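A.B. asks: Dropping the structure in here first, questions after.
The values are calculated or read from the model by the stated rules, or taken from the named source; none is laboratory data. Source: prediction; values computed, not measured. Cβ placement follows ideal geometry from the backbone for every residue including glycine, while neighbour counts extend to all protein chains displayed.
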Amino acid sequence: MNEYYDVLVVGAGPAGLAAAQAATSHGARVGLIDAQATAGGQVWRHDVRHAAPSLARRSIGGALTHSRVDWLARTQVVAVETGSLFVEDPRRGSRLDYGALVLATGARELLLPFPGWTLPGVTGAGGLQALAKQGWPLAGRRVLIAGSGPLLLAAAATAKRHGATVLGIYEQAGADAVRRFAGSLWRWPAKAIQAALLRGQLAGVPYRCGSVVRRALGDSTLRTVELEGPHGIEQVPCDQLAIGYGLLPNVELAQLLGCELRWEGAHPQVSTDIWQQTNIDTVYAAGEVCGIGGRDSARVEGAIAGHAAAGARSAAMALQPRRRHARAFAEALRTRFALDARVYALATPDTLICRCEDVALSDMDGYTDTRSAKLATRCGMGACQGRICGAALAELGRFSGGGQRPPLFPARLSTLGDTDFFPLATIEE
Amino acid sequence: MKTYDLIVVGAGIVGAACADYASAEGLRVAIVEPGPVGGGATAAAMGHLVAMDDDPAELALSRYSLELWESLSNLPQAEFSRCGTLWVASNERELASIPAKRARLAAAGVETEAIDSDTLYRLEPALAPGLAGGMRVPGEAVVYPPAVARHLVDRAVERGARMYSRRVAHIEYGGVRLDDDTRLQGPALIATGCALAQLLPTLPLRARKGHLVITDRHPGLVHHQLLELGYADSAHGDADSSVAFNVQPRPTGQILIGSSREFGSSTPEVSLPMVRRMLARSFRFLPALRQLDALRIWTGFRPVSPDGRPYLGRVPHEHQLWVAAGHEGLGITTSLGSARLVVDQLLGRATAIDASPYDPARVVA
Amino acid sequence: MNAISSIRLFVDDQPVDVPAGASVAAAIATLGISFRRSVSGQWRAPLCGMGVCFECRVRIDGIAQQRACMCPVHDGMRVSTHE
C-alpha cells in the first residue's frame, strides 16, 4: 500500500485529533495513525467497561468520522525517508507520503528503578489506568498508588471506578509543595474543577505526601510494599502497586526525522515555533512531545499545528492566547513537583535497570560512556530499545541516550523486506 | 616523553589481540584508542569464526587463528558457541562445488561433512524447501567480539600495558604524537581498520559498508551459522553492492541476519533499500524469518585492501612502523593469528605460517 | 456499565471470556496466568500498559513475542504464555 496525505498526523490523542480536525477544516486530506487499536491517546483511552467522557467522545468522533480523514489504527511507524513514513499494521507494511507531518506522539511514564520493581503486580500509575481500561481485572484487588504528580489522582480514580480497593496515594513531594500547587490551581479553573472532581471520587482514599516506595516485596508476584513517609517506614500488603514519576515526551520519531530537540532536565522534547513548526519545514509537533503540558495544551497545540500544516496561519494565530495560558499550567506543575533525592537513591547495586536484558545497576560500574556500557552489558539492547532503562539512567544522571536508527519500534522483518514497500526507483535487484 | 616497546594504535579486536600477545611476550605496550574498546567494526561484526577457503593465504591465516581461538572458548563474556557452520547449496551446480571445497579445507586440517538434502532438513527444518544439500563444518563457532576485545585489552593492561584514550595526531619518526601533544616513543603498530587511510595513506584501503539486523529471541528456529554457498561470490566480488544469505543463531536465541556489501557509501545511516535486499535474500532460504521482529539494525565498515588480504607486517620505507589492518569481513576470525604474525616479525622470530602473502610491501612500489 | 458483548479466547488452552475490546493482557490477567520469564528466568508481567516496555510479550495466534497490551482479543484467539 502506498498513500499520499496532505497532512499526516502521528498519534490520535488530544493533540493529534485536534490537528486532524483543524487540517480537514481547510479541505486537507488527512491520514491519522496510532499504534493503539482505538483513538483517544492515553488520556482518552477507550474503556471496555465505562463510557468515555463527552469531550473525548466529541473529539474522537469529530476527527474519525470525517470523510477526508483516513483513520489507521494499530499502525506503527517503522522508518522514515524524506516526505514518507514507513509503517506497519498487523497485516502489512505501507509507505505513507505526506505534504506536512504532525507529530503528536504524546508521552510515556517515567518509571524509575527500585528494588522489586520487576515483580508482576508492579505497574506504572498511568500503566495501571491503561490496563484497567483494557479490561484488566481490578475488582476487589488492593491497589497502592505511588510516585509523583496529579496523574496519581487520575490513576486512583480509574482503579476505584474499576472496583479496586485503593489503599492510598503516596506522593513523593512534600506537603508544602503539594499545597502550593493546589493553591495555584485557581488560575486554571478547568483544572481546579477536575481536581475537585477527582477528590470527590476518591473520598476516603488516604493521600500522603512526602512518601516514597522503598521496595516491592514478593516471590513470584507482589505481596507487600515498603513505604518511607514522614513518620517512618511501614510495610503494606497489597496486590497491585501503580507507581509513576510523571511523564516524558516520546521524541524518538522526531529524532529520527532530524528535528531539533531541547532538554527539559534529563529528557529531550521537540522544539517548535509558535506555529508548532519544527526546524524541518514540513514537520510540525504538538502536545506532550513538545514538553509535558497536559490535555488542554495538547488540544490547542494540535489545532494550531493542524491549521498551520494546512496552510491556514490566521486560524492558528487566533489560538495563541489559549496556547500560552495552557502552557503556563505546565510550568507550575514542573516547579512544584521536583523529585526528592531519596527517589534517586532507591536502586541498589543489584537492582535491575535494563529489564529486557536483566542488567543490574552495578553491571554498569566502571563504564563512563553509554556505548561502552551498552556493548559490555547489553543494557538497552532489548525489545524496548532502551525506552525504559534509557530514560531511567538519564534521570539518574548515569548516561544520556544516543541517536535513533530504524526500526523505530521492533518491526516485522516482512515489513522491512517487502518488495513493494519502497519507491520502485530504489529497487536494484 | 614515554618510551614503549610497542605502541598499538587502535583497540578493535585486531589491535586488542596485538596488545595482548605483545604484553604476554613481555613487551612494554601502549594502547591508543580514543573511542570505546572494540567499538568500531568489531562491535558491528557478526562474530562468526570461519575458515574461508577461496584464497590459500586467507585459509592458512583463518586456520591458524581458529586454533588460537580455542584458548578463549571457555571465557564467559566471549559467549563462544560452537554452533558449526552449515553452507547451503541452492542447486546442483553449487552442490557439485562441495567436494573441491571439502578437499581444500581438509588439506588445511578443517574437518567437514557433506550434507545431503534429507540431512539438511533434519539439521535445519526451517530452511525453505527445494535446497540441494550442503556442507557442515562442525567445529566452527560464533563469539561476541566487542567483549573479547575488551577482555584482551584488560589482560594486556593487567600485564602493565598503558591505555591512552586519545587520538593519534601524527606518526612521527620513532613514535607517535597524540592529540593532546603527548609524544610516545617506540615502534608503532597501526591497527585502526578503516581509519588507516588517515595515518598511512600509502596503503590503499577502501571501506565496504555492511548492514546487520537482529531479531527478538526465537530459540530453536535455527541451529547453525547458515550461509549460502554463493556467499563467496558476494564477499569477494567487486560489485558496488551485493547481498548474501548469512544467518546466525546467537546464544541468546536471537537471530542475526546478514549480509550486505557496499562500496561508495561512507555514512553510517541505515539504508532501507539495502536492508530490503538483504532480507529478501534471507527469506528465500528461511521463509519463517518473515514474521519475526527486527529489534535493531546497524551498519559497519569493513576495511578492504585491493587484493582482499590484510596488511600484516612492517610498513616499507618507514622507520619502526608496523601495520595490522585491512581484514575485510574476516577480522574477528583472523585477529588472533594476525597479532602473532606481526608481533613475531617485530621480535625477529620465525612466524608460524608464511607471512609473505600479507606483507604490506606488495602494494608499495 | 454499558451492555458489553463478550469474547471467548484461549490462553494456554484454557477458555476465558472478556469484554469486547479488551486486550490480550487483560485476558491473561483474568485467568491469573503469569505472562513470561525474563532472560534470567524472573517472572514478569505488564509494566507500562501502553506498548512501550515489552514486558507483556506472549505468543498470539502462533506468532511469538507479541505485546499483549497492544492486541485486542478476538473470538477463538489462541494465546500461549512463558514458552
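A.B. asks: Can you tell me which of A:Ala146, A:Ala107 is more than 11 Å from chain C (Cβ to nearest Cβ), among the hydrophobic types (A, V, I, L, M, F, W, C) and either touching a residue at least 40 places away in the same chain (Cβ under 8 Å) or within 30 Å of A:Gly258 (Cα to Cα) (or both)?
C.D. replies: Criteria check complete, one pass: A:Ala146.
A.B. asks: Please list, ordered by residue number, the helices (runs of 4 or more DSSP H) wholly in region A:318-422 having 1 or more residues that are touching a residue at least 60 places away in the same chain (Cβ under 8 Å), within 13 Å of chain B (Cβ to nearest Cβ) and hydroxyl-bearing (Ser, Thr, Tyr).
C.D. replies: A:413-417
A.B. asks: Would you mind stating whether B:Glu94 is out of contact with any His (no Cβ under 8 Å at 6 or more places or on another chain), outside the structural domain of B:Ser165 (by TED's automatic domain parsing) and not in a loop (DSSP other than H, G, I, E, B)?
C.D. replies: Yes: the conditions hold for B:Glu94.
A.B. asks: Need the failing condition index for A:Ser59 against (1) more than 12 Å from A:Lys133 (Cβ to Cβ); (2) assigned to a loop (DSSP other than H, G, I, E, B); (3) touching a Pro at 6+ places or on another chain (Cβ under 9 Å); (4) not β-branched (Val, Ile, Thr), just the number.
C.D. replies: (2) is the only condition that A:Ser59 fails.
A.B. asks: Please verify whether A:Leu152 is among the hydrophobic types (A, V, I, L, M, F, W, C), away from chain C (no Cβ under 13 Å) and in a helix (DSSP H, G or I), treating the condition exactly as stated.
C.D. replies: Taking the combined requirement at face value, the residue satisfies it.
A.B. asks: Identify all residues within region B:69-91 that are within 20 Å of B:Asp54 (Cβ to Cβ) and outside any loop (DSSP other than H, G, I, E, B); write none if there are none.
C.D. replies: Hits for region B:69-91 are B:Thr85, B:Leu86, B:Trp87, B:Val88, B:Ala89.
A.B. asks: Ok, one more. Would you check which residues across region A:60-85 are of a type in the set (A, V, I, L, M, F, W, C) and touching a helix residue (DSSP H, G or I) at 6+ places or on another chain (Cβ under 7 Å) and list them?
C.D. replies: Within region A:60-85, A:Ile60, A:Ala63, A:Val69, A:Trp71, A:Val77, A:Val78, A:Ala79, A:Val80 qualify.
A.B. asks: When only residues in region B:255-270 that are of a type outside the set (D, E, K, R) and surrounded by fewer than 20 Cβ atoms within 10 Å (Cβ to Cβ) count, which is nearest to B:Arg290 (Cα to Cα)?
C.D. replies: This residue is B:Val270.
A.B. asks: Moving to a separate point now. Could you run through region B:271-302 and say how many residues are assigned to a helix (DSSP H, G or I) and either closer than 24 Å to B:Leu221 by Cβ or of a type in the set (Gly, Ala, Ser) (or both)?
C.D. replies: 17
A.B. asks: Then there is this: Of the residues that make up region B:289-302, is at least one in contact with a Pro (Cβ under 9 Å, 6 or more places away or on another chain) and more than 14 Å from every other protein chain (Cβ to nearest Cβ)?
C.D. replies: Looking through region B:289-302, at least one residue is in contact with a Pro (Cβ under 9 Å, 6 or more places away or on another chain) and more than 14 Å from every other protein chain (Cβ to nearest Cβ).
A.B. asks: For the condition touching a Ser or Thr at 6+ places or on another chain (Cβ under 9 Å) and within 23 Å of A:Gly127 (Cβ to Cβ), what is the one hit in C:Leu31, C:Leu9, C:Leu47?
C.D. replies: On inspection, the qualifying residue turns out to be C:Leu47.
Every residue, every condition in (1) part of a strand (DSSP E or B); (2) free of Cβ contacts under 8 Å to residues at least 60 places away in the same chain; (3) small (Gly, Ala, Ser), yes or no:
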{"residue": "A:Ser184", "(1), (2), (3)": "no, no, yes"}
{"residue": "A:Ala192", "(1), (2), (3)": "no, yes, yes"}
{"residue": "A:Ala196", "(1), (2), (3)": "no, yes, yes"}
{"residue": "A:Gly204", "(1), (2), (3)": "no, yes, yes"}
{"residue": "A:Arg214", "(1), (2), (3)": "yes, no, no"}
{"residue": "A:Thr224", "(1), (2), (3)": "yes, yes, no"}
{"residue": "A:Gln235", "(1), (2), (3)": "yes, yes, no"}
{"residue": "A:Leu241", "(1), (2), (3)": "yes, no, no"}
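A.B. asks: Given C:Ile63, C:Ile28, C:Ile7, C:Ile33, which one is within 7 Å of another protein chain (Cβ to nearest Cβ) and either in contact (Cβ under 8 Å) with a residue 60 or more places away in the chain or of a type outside the set (Lys, Arg) (or both)?
C.D. replies: That would be C:Ile63, the only listed residue that is within 7 Å of another protein chain (Cβ to nearest Cβ) and either in contact (Cβ under 8 Å) with a residue 60 or more places away in the chain or of a type outside the set (Lys, Arg) (or both).
A.B. asks: Residues in region B:258-270: is at least one modelled with pLDDT under 95, within 13 Å of chain A (Cβ to nearest Cβ) and assigned to a helix (DSSP H, G or I)?
C.D. replies: Looking for residues that are modelled with pLDDT under 95, within 13 Å of chain A (Cβ to nearest Cβ) and assigned to a helix (DSSP H, G or I), one finds none in region B:258-270, hence no.
A.B. asks: Anything in region C:11-25 that is more than 9 Å from every other protein chain (Cβ to nearest Cβ) and either farther than 18 Å from C:Arg57 by Cβ or in contact with an Asp or Glu (Cβ under 9 Å, 6 or more places away or on another chain) (or both)? List them, or say none.
C.D. replies: Those that are more than 9 Å from every other protein chain (Cβ to nearest Cβ) and either farther than 18 Å from C:Arg57 by Cβ or in contact with an Asp or Glu (Cβ under 9 Å, 6 or more places away or on another chain) (or both): C:Asp13, C:Gln14, C:Pro15, C:Val16, C:Asp17.
Residue-wise test of (1) touching a Phe, Trp or Tyr at 6+ places or on another chain (Cβ under 9 Å); (2) part of a loop (DSSP other than H, G, I, E, B); (3) among the β-branched types (Val, Ile, Thr); (4) in contact (Cβ under 8 Å) with a residue 60 or more places away in the chain.
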site	(1), (2), (3), (4)
B:Val14	no, no, yes, yes
B:Ala22	no, no, no, yes
B:Gly39	no, yes, no, yes
B:Ala43	yes, no, no, yes
B:Met46	no, yes, no, yes
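A.B. asks: Further question on the same structure: So which of A:Ala266, A:Ala203, A:Ala242 ends up being modelled with pLDDT of 95 or more and either over 23 Å from A:Trp117 (Cβ atoms) or hydrophobic (A, V, I, L, M, F, W, C) (or both)?
C.D. replies: A:Ala242
A.B. asks: Report yes if B:Gly47 is in contact with a Cys (Cβ under 9 Å, 6 or more places away or on another chain) and within 14 Å of chain A (Cβ to nearest Cβ), otherwise no.
C.D. replies: no
A.B. asks: Being surrounded by fewer than 21 Cβ atoms within 10 Å (Cβ to Cβ), part of a loop (DSSP other than H, G, I, E, B) and within 7 Å of another protein chain (Cβ to nearest Cβ) is the filter here; which residues of region C:36-50 pass it?
C.D. replies: C:Ser38, C:Val39, C:Ser40, C:Gln42
A.B. asks: If you don't mind, another one. Output the residues belonging to region A:302-317 that are touching a residue at least 24 places away in the same chain (Cβ under 8 Å) and either closer than 22 Å to A:Gly244 by Cβ or out of contact with any Phe, Trp or Tyr (no Cβ under 9 Å at 6 or more places or on another chain) (or both).
C.D. replies: Hits for region A:302-317 are A:Gly302, A:Ala303, A:Ala310, A:Gly311, A:Ala312, A:Ala315.
A.B. asks: Identify, by number, the condition in (1) in contact (Cβ under 8 Å) with a residue 40 or more places away in the chain; (2) at the interface with chain C (Cβ under 9 Å from one of its Cβ atoms) that A:Leu131 doesn't meet.
C.D. replies: (1)
A.B. asks: Could I ask something else about it? Of the residues in region B:134-158, how many are in contact with a Leu (Cβ under 9 Å, 6 or more places away or on another chain) and more than 14 Å from chain A (Cβ to nearest Cβ)?
C.D. replies: 8
A.B. asks: Residue by residue through region B:171-201, note down the ones that are without any contact (Cβ under 8 Å) to a residue 12 or more places away in the chain and assigned to a helix (DSSP H, G or I).
C.D. replies: B:Ala197, B:Gln198
A.B. asks: Where in region B:202-254 are the strands (runs of 3 or more DSSP E), entirely inside, with at least 3 residues that are of a type in the set (Gly, Ala, Ser) and crowded, with 19+ Cβ neighbours inside 10 Å?
C.D. replies: B:241-249
A.B. asks: Considering only region B:97-113, state which residues are of a type in the set (A, V, I, L, M, F, W, C) and either in contact with a Phe, Trp or Tyr (Cβ under 8 Å, 6 or more places away or on another chain) or outside any loop (DSSP other than H, G, I, E, B) (or both).
C.D. replies: If the condition is that a residue be of a type in the set (A, V, I, L, M, F, W, C) and either in contact with a Phe, Trp or Tyr (Cβ under 8 Å, 6 or more places away or on another chain) or outside any loop (DSSP other than H, G, I, E, B) (or both), then B:Ile98, B:Ala100, B:Ala103, B:Leu105, B:Ala106, B:Ala107 are the ones that fit.
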